[in-house]
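For reference, the structure is listed below as structure tokens.
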Amino acid sequence: MSSVFSIRRPRVAARFLAHRRYMHSGVPLFQARQSDTSGTNVTTESLQEDEEVIFFSQDKDILPEVEIKPFRRTKAETLMRFNDRFVQPSIDWYRKVGKSHGENTDKDEFMHLLRNDISSSTLFEETLKWLSKDNYKLRNNTYNGYDTQEIEFYFDPSAIVSSTLMPGDICVLKNSPFELLVCVKTPSEAMDARFTFANTDGNVVYAWKTSVHLRFPTIFNTTELEILQREKLHGYSPVGSVKNDKDVTFVIPTLPRRMLISNVTFRIADAAVQQLPIIKKKLELIHRYLQSGSSPWQIPILKLVEICSNLELSNNIEKSIATAFMKSGLSSDALYSLANSHFELSSKVPNKVECSRLLAVYWALLHQQGTQMWGEMTVHRGIFFPSAVTVLPLTKQHLHYHNIIHKLRQHGGVRINRIAALINENDLASLNKSFPYIVPLLRDYAAGNLEHNDTITSLISSLFRKLDEYKELNISRDVCFDLLKRINPSEPPNPLLINHELQLPVNNERVKLEQKIYDLAVPPKIEHSAEIRTEYKDLICYCIDSPDAHEIDDAVSIKSLGGAKYRIYIHVADPASLFPEANEDGTTINSPVLDIAYQRAFTTYLPDKVFPMLPTTYARSSDLGQFGKPTKAVTFSVDCTFSKSKGLCLLKDSLKVELSVLHKSTRITYEAVDELLDEPTTKPKSGKHEDLKTLFYIAKALRRQRIVDGGAVVFENSSTGIVSLSPDDNSELVEVSFKDQIETKSTILVSELMILANSLTASYFEENQIPGIYRGYRPLNVVEDATSVPEWVKAKTQENKIISKADIAKMKSFLTSSFYSSLPTPHDMLGTSHYLTITSPLRRFPDLVNHLQLHRTLKGLPLLYKQSQLDGMVWHILTRDVTLKNASVDAQRYWTLRFLKKEIEDPTKNNWKLQITSLTDNGYAHCVILDKAFAVGQLKINLNKNPPLVGDQISDCEISNIQCLDGILQFEPTSRSKIQKKK
């Protein structure tokens, strides 16, 4: 729905309304220093000729004197203050930035713009000059007998993935989801990675990158808007906002605020508000048709918006829904076909999305989360956008909890009183028999599945207030889980595993069914009549991995071509050959296994759970660790010249991609490789030793080229305190220990060769115009002093200097997340212009997709996936990528905090050395325990002392609050605490 420019207008600041009263006579404010509204000159000299200021007091001994000025003088001074504080910044902005838009700087025209009402056609036309013509649409309309123009704003979904957060992006922040703001400046200080935003009223807001939950990019036709200005020293009290220095304030000039912030954000928000009631109704209807059995699943938000846009409400709901699905590219049976539903529901996203409609859907989802209809919205930190939302099952969530709320509220809460009495009496058998829903309720609350349901949270709180053992405690998920374990001692130790977003079989009926299909799945015997494979009968292939690896999906080889010339081989497991889709002429996905693998997208790795992407039988059939028998693989090879004196030269034109069969594979652990590479040079060398030694030196040279030529940043030995679980006496994985992921020669060898294979294959795909799924990394857009941070880290990397923990802490807030894209994308962290992953097809679906595309290309068959299909698929892959990363971090933090909570039961052990990772904000600074990567928390700062800086270390701090399931960890310094400045 559109908004009408001439009818609605945003709230205007009081100071501007006051300005309009002074401007009623039509005299420009920039003349306020020279004349008043009557035309009489009001100069400094004339003011001095006015009557003198009178100081009056009824009783000088009791009350202070009051300064009384003549009205004319008061009025003139007010106009001068207003001019310097508000008008002059707009003039300066218009003169400086308007030139890039071909604007004139005539004062009369400028003041006409500043003076005009927000709905005037002049200001409307002026605003349009700043907007990207591709991203708005005008429509003439008649409203109450007046001819008006409506405007709709659009964005291209591909612009989300192909850009980072920039000035001019319209955003929604986590802590204020019902307010639109405009990003007006990216991080500009070396110690402060916060972005600067402006709201509709022109107020300045500072926020971290993790606060951005939604953005509309490229609405304006330039990012150099320079809306934020440092307030000048005008001699009056400042009116701007303080960031870090109380003597430095920033302002948003009135004119750009009206043209580029209020004007646009209000139109989008107002149109979204008008659509909200209808969108809520549509989402209720669509939700009923998006059920996947009785289990949660995730749908891309862009697809949900498209269905909402295509749904026309009518008396025939079934027909309306079917029509909306068909217009959205979904077949009528898409929701009920296991083989096609997931793919169809996430492919082919729209090319253009109307901003207000997406915002209305976003707001409606927030409202309906509290009724257990929709779960979390997954926000990807690399693209600053919600990629998907969880669809909760109607019966087992929405209706189930609606019924529970009714029961617990009925008759004045008599059931809550009865439940509390049974718990206080420890009559757990009667509790479970009479109130069977109490255990699932507590389980969902502990798992974080009821986070948005305020009614359930209130009822649980009222229950705990009646329990003798808990009534004095703050209600938290930890306390809830403690009660749950008391009621049901067999409860698994980690409730996070049943979180809806994770989608594990422990609480997801759909995934349980899919797992049964996997357990029965046997790879088909496929005749490869058109398949030509290279037989590597004499080439030794080294499978380097950890001794407890679940699958071996890569191997490396090297062959001397004489002199200083070598051929490097990277062999990758070939599960794609087990799918008919890799060999048939058609382009239809028929394999349920492939569809389930797509839904999972990745193998799930948690400290206490590994959940594979492919069936065990498929992994074993294509595992390169099948020593002693021929094994199918996809081999990537490239020639190079290498010597210690002349270095490395890759002959990229020699790249070969081929289907192969390996005959001589040998497994070797990282530790064994390190031992071989560290052997003294005097010891007799074997062929294995020489191969691995040469590969290691080539890997080191490859890394050096990435750093010097590509600007790659390498953090060595940076992962400390990673959780490792071992079984207790009851065989439960609950015993926590910590290990460090230390980079060694063997890990450098493997990682650099895998990066080489992925980078070369990306070029191969682009040159041969093969649609694929790429992986990218885009740094934050930083300006001014903040640019010194990445430059300084890159300089240290290029100089082979060690990047300390303090360096990492300082840079961490400037880092974003890598992401997947359906278009060639640079990976700036790795220093490669394009990066397409193909080295882990057993555990990453993007790699499997790229293998399927390679199979079809090498066999001369039509490609399986079109570009438009990958454009849609990538949104589901982005969702699963960030979901599983978040789950891994949450699980690591949970087990780390459980360990700490147990440790501090002994008060003498509550003593920790911390490293500061952020500037002080509201009396707290972010920090981490030095040797435990996931012990991340907040330290209370004494504001009367000099605050610590990022990278500083503080000894002898105590844990003051710890909540394992909520991830809350708070510290306080002690009298023994000392600050060690960063080095």
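Among residues belonging to segment 529-553 that are part of a loop (DSSP other than H, G, I, E, B) and more than 19 Å from Thr617 (Cβ to Cβ), point out the one that is modelled with the highest pLDDT.
In this case the residue turns out to be Arg533.
A quick yes/no check of all residues on (1) in contact with a helix residue (DSSP H, G or I) (Cβ under 9 Å, 6 or more places away or on another chain); (2) of a type outside the set (Val, Ile, Thr); (3) in the same structural domain as Val610 (by TED's automatic domain parsing):
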{"position": "Ser746", "(1), (2), (3)": "yes, yes, yes"}
{"position": "Ile755", "(1), (2), (3)": "yes, no, yes"}
{"position": "Gln769", "(1), (2), (3)": "no, yes, yes"}
{"position": "Tyr774", "(1), (2), (3)": "yes, yes, yes"}
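Read through the list (1) modelled with pLDDT of 60 or more; (2) at negative phi; (3) of a type outside the set (Gly, Ala, Ser), then give the number of the only condition that Asp106 fails.
That leaves (1) as the condition not met.
Give me the residue from segment 911-955 that is within 15 Å of Thr974 (Cα to Cα) and hydrophobic (A, V, I, L, M, F, W, C) and, out of that set, modelled with the lowest pLDDT.
Step by step, filter segment 911-955, then rank; the result is Leu943.
Looking at Pro157, Pro238, Pro187, can you tell me which residue is more than 23 Å from Ser918 (Cα to Cα) and within 18 Å of the chain's Cα centre (by Cα)? Let's see the steps before the verdict.
Details: Pro238 fails: within 18 Å of the chain's Cα centre (by Cα); Pro187 fails: more than 23 Å from Ser918 (Cα to Cα).
Every option except Pro157 fails the conditions.
Go over the candidates Lys303, Lys281 one by one and state the one that is of a type outside the set (S, T, N, Q) and either surrounded by fewer than 18 Cβ atoms within 10 Å (Cβ to Cβ) or more than 30 Å from the chain's Cα centre (by Cα) (or both).
Lys281
State whether one or more residues within segment 643-664 are polar (S, T, N, Q) and out of contact with any strand residue (DSSP E or B) (no Cβ under 7 Å at 6 or more places or on another chain).
So the first thing to find is which residues in segment 643-664 are polar (S, T, N, Q), and the list is 643, 645, 654, 660.
Imposing the further condition that a residue be out of contact with any strand residue (DSSP E or B) (no Cβ under 7 Å at 6 or more places or on another chain) reduces the set to 643, 645.
Yes - at least one qualifying residue is present in segment 643-664.
Looking at Tyr865, Tyr835, which one is at negative phi, in contact with a strand residue (DSSP E or B) (Cβ under 8 Å, 6 or more places away or on another chain) and buried (at least 21 other Cβ atoms within 10 Å of the Cβ)?
Numbers: Tyr865 fails: in contact with a strand residue (DSSP E or B) (Cβ under 8 Å, 6 or more places away or on another chain).
Exactly one residue qualifies, and that residue is Tyr835.
Scan the helices (runs of 4 or more DSSP H) fully inside segment 654-767 and keep the ones with 3 or more residues being touching a His at 6+ places or on another chain (Cβ under 7 Å).
Because the criterion is at least 3 residues that are touching a His at 6+ places or on another chain (Cβ under 7 Å), the helices (runs of 4 or more DSSP H) in segment 654-767 that meet it are 745-767.
Criterion first (among the charged types (D, E, K, R), closer than 30 Å to Pro846 by Cα, at pLDDT below 95 and crowded, with 16+ Cβ neighbours inside 10 Å) does Asp871 satisfy it?
So Asp871 fits the description; yes.
Quick check, is Ile544 surrounded by fewer than 21 Cβ atoms within 10 Å (Cβ to Cβ), of a type in the set (A, V, I, L, M, F, W, C) and closer than 30 Å to Phe642 by Cβ? Spell out the reasoning first.
Numbers: surrounded by fewer than 21 Cβ atoms within 10 Å (Cβ to Cβ): no; of a type in the set (A, V, I, L, M, F, W, C): yes; closer than 30 Å to Phe642 by Cβ: yes.
Against the criterion (surrounded by fewer than 21 Cβ atoms within 10 Å (Cβ to Cβ), of a type in the set (A, V, I, L, M, F, W, C) and closer than 30 Å to Phe642 by Cβ), Ile544 does not qualify.
Here is a check on your reading of the model: is Leu473 touching a helix residue (DSSP H, G or I) at 6+ places or on another chain (Cβ under 9 Å), modelled with pLDDT of 95 or more and not acidic (Asp, Glu)? Break it down stepwise before answering.
Values: touching a helix residue (DSSP H, G or I) at 6+ places or on another chain (Cβ under 9 Å): yes; modelled with pLDDT of 95 or more: no; not acidic (Asp, Glu): yes.
Here the answer is no, as Leu473 does not meet what is asked.
Within segment 613-641, take every residue that is aromatic (Phe, Trp, Tyr) and either at pLDDT 95 or above or under 36 Å from the mean Cα position of the chain (by Cα) (or both) and give me the one that is surrounded by the most Cβ atoms within 10 Å (Cβ to Cβ).
Restricting to residues being aromatic (Phe, Trp, Tyr) and either at pLDDT 95 or above or under 36 Å from the mean Cα position of the chain (by Cα) (or both), the top hit is Phe636.
Hey, Ile68 hits all of (1) loosely packed, with under 14 Cβ neighbours inside 10 Å; (2) modelled with pLDDT of 85 or more; (3) touching a strand residue (DSSP E or B) at 6+ places or on another chain (Cβ under 6 Å) but one; which does it fall short on?
Exception for Ile68: condition (2).
Do any strands (runs of 3 or more DSSP E) lying entirely in segment 567-647 carry at least 2 residues that are more than 27 Å from Gln298 (Cβ to Cβ) and among the β-branched types (Val, Ile, Thr), and which ones are they?
Passing ranges, in order: 631-643.
Restricting to segment 909-925, name every residue that is under 22 Å from Gln741 (Cβ atoms) and not β-branched (Val, Ile, Thr). Don't jump to the end; show me each part of the working.
Here is the first cut: in segment 909-925, the residues under 22 Å from Gln741 (Cβ atoms) are 912-915, 917.
Trp912, Lys913, Leu914, Gln915, listed by residue number.
Does segment 585-596 contain any residue that is crowded, with 17+ Cβ neighbours inside 10 Å, touching a Phe, Trp or Tyr at 6+ places or on another chain (Cβ under 6 Å) and at pLDDT 95 or above?
no
Can you tell me which residue among Leu442, Leu450, Leu459 is under 28 Å from Ser294 (Cα atoms), modelled with pLDDT of 95 or more, in contact with an Asp or Glu (Cβ under 7 Å, 6 or more places away or on another chain) and not aromatic (Phe, Trp, Tyr)?
On the way: Leu442 fails: in contact with an Asp or Glu (Cβ under 7 Å, 6 or more places away or on another chain); Leu459 fails: in contact with an Asp or Glu (Cβ under 7 Å, 6 or more places away or on another chain).
Unique residue meeting the criteria: Leu450.
Return the residues of segment 464-520 that are aliphatic (A, V, I, L, M), outside any helix (DSSP H, G or I) and either without any contact (Cβ under 8 Å) to a residue 24 or more places away in the chain or in the same structural domain as Ile968 (by TED's automatic domain parsing) (or both); say none if nothing qualifies.
Correct list: Leu473, Ile475, Val506.
For His855, indicate whether it is assigned to a helix (DSSP H, G or I), in the same structural domain as Ile722 (by TED's automatic domain parsing) and over 30 Å from Asp156 (Cβ atoms).
Judged against the criteria, His855 is a match.
Quick one: in segment 713-742, of everything that is hydrophobic (A, V, I, L, M, F, W, C) and within 20 Å of Ile803 (Cα to Cα), which residue is farthest from the chain's Cα centre (by Cα)?
Residue satisfying both the conditions and the ranking: Ile742.
Out of curiosity, is Leu914 surrounded by 21 or more Cβ atoms within 10 Å (Cβ to Cβ) and not in a helix (DSSP H, G or I)?
yes
Checking Glu189 against (1) in contact with a helix residue (DSSP H, G or I) (Cβ under 9 Å, 6 or more places away or on another chain); (2) crowded, with 20+ Cβ neighbours inside 10 Å; (3) under 21 Å from Gln229 (Cβ atoms); (4) at pLDDT 80 or above, only one condition comes out false. Which one?
Unmet for Glu189, out of (1) in contact with a helix residue (DSSP H, G or I) (Cβ under 9 Å, 6 or more places away or on another chain); (2) crowded, with 20+ Cβ neighbours inside 10 Å; (3) under 21 Å from Gln229 (Cβ atoms); (4) at pLDDT 80 or above: (2).
The values are calculated or read from the model by the stated rules, or taken from the named source; none is laboratory data. The model shown is predicted, which means the values in this text are computed figures rather than measured ones. Methodologically, a virtual Cβ is constructed for each residue, glycine included, from the backbone with ideal geometry; neighbour enumeration extends over all protein chains shown.
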